[in-house]
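Since the structure comes first, as structure tokens, the remarks are kept for the end.
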Amino acid sequence: MDEVLEIGSPEQYKALAHPLRQRLLFALGRAPATTSQLAVSLGAQKGNVGHHLKVLRDAGLVRVAETRRVRGGIEQYYQRTSRRISVPGPAAEHTEALFGAVAEELRRAPGEPVLVLRHLRLSDGAARELGETLRRLVDQAEDTGADEAVHGVLVALYRPR
């Protein structure tokens with residue numbers, strides 16, 4: 001699996017524009033899974049999941065990691081092609097889909113998720129430094145083990161108009 005995939009093609013942008021595809025990418029960030037496993041874990045129809053996996057696969061965002069013969073058929077395990085996805089430049093048209101997928105995860109999350117929105121008055125230099133610090137903090141965070149609970153991290157630094 002690659003470390004970072006930088007989004008660039010129209011097919012990749014289109015693939016990221018649907019909330020279920022975002023949720024599939026989140027789920028496949030944990031471990032490879034079959035269409036049936038993903039449908040159960042996301043509470044979606046198997047056919048719908050299969051369609052969206054095909055879109056993600058055609059866009060190069062997921063791949064078949066493993067196949068197994070099961071009762072005369074072939075079971076495919078999908079995984080992401082990279083640990084992280086980077087969307088360069090302005091991504092306003094994809095923000096709604098991304099936040100929709102995150103909102104769905106927050107809605108289903110046990111406990112009390114941390115969600116903070118704060119507006120700060122910052123110079124351009126201070127904003128650049130804060131952005132670099134946030135990116136470094138997230139990049140340096142390490143998984144503590146396969147047996148630990150998965151936690152989502154969403155970081156945004158932007159200048160409202």
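The values are calculated or read from the model by the stated rules, or taken from the named source; none is laboratory data. Remember, predicted model here, so these are calculated numbers, not experimental data. Cβ atoms come from the backbone with ideal geometry, glycine included; neighbour counts cover every protein chain shown.
Any residue at all in region 21-30 that is touching a residue at least 40 places away in the same chain (Cβ under 8 Å) and farther than 28 Å from Gln140 by Cα?
Checked region 21-30: no residue is touching a residue at least 40 places away in the same chain (Cβ under 8 Å) and farther than 28 Å from Gln140 by Cα.
State all residues of region 103-161 that are of a type in the set (Asp, Glu) and part of a loop (DSSP other than H, G, I, E, B); if no residue qualifies, say none.
Glu112, Glu142, Asp143, Asp147, Glu148, listed by residue number.
Restricting the search to region 40-60, which residues are on the phi < 0 side of the Ramachandran plot and in contact (Cβ under 8 Å) with a residue 24 or more places away in the chain?
Selection gives Ala44, Asn48, Val49, His52, Leu53, Val55, Leu56, Asp58, Ala59.
Conditions first: (1) surrounded by 15 or more Cβ atoms within 10 Å (Cβ to Cβ); (2) touching a residue at least 12 places away in the same chain (Cβ under 8 Å); (3) under 28 Å from Ala149 (Cα atoms); (4) of a type outside the set (Gly, Ala, Ser). Gln37 passes all but one, so which condition is the exception?
(2)
For region 61-93: of the residues being touching a Pro at 6+ places or on another chain (Cβ under 8 Å) and touching a residue at least 40 places away in the same chain (Cβ under 8 Å), which is nearest to Arg159 (Cα to Cα)?
Here the residue is Gln79.
Is there a residue being at pLDDT 90 or above, in a loop (DSSP other than H, G, I, E, B), within 20 Å of the chain's Cα centre (by Cα) and closer than 22 Å to Val4 by Cα anywhere in region 60-80?
Yes - at least one qualifying residue is present in region 60-80.
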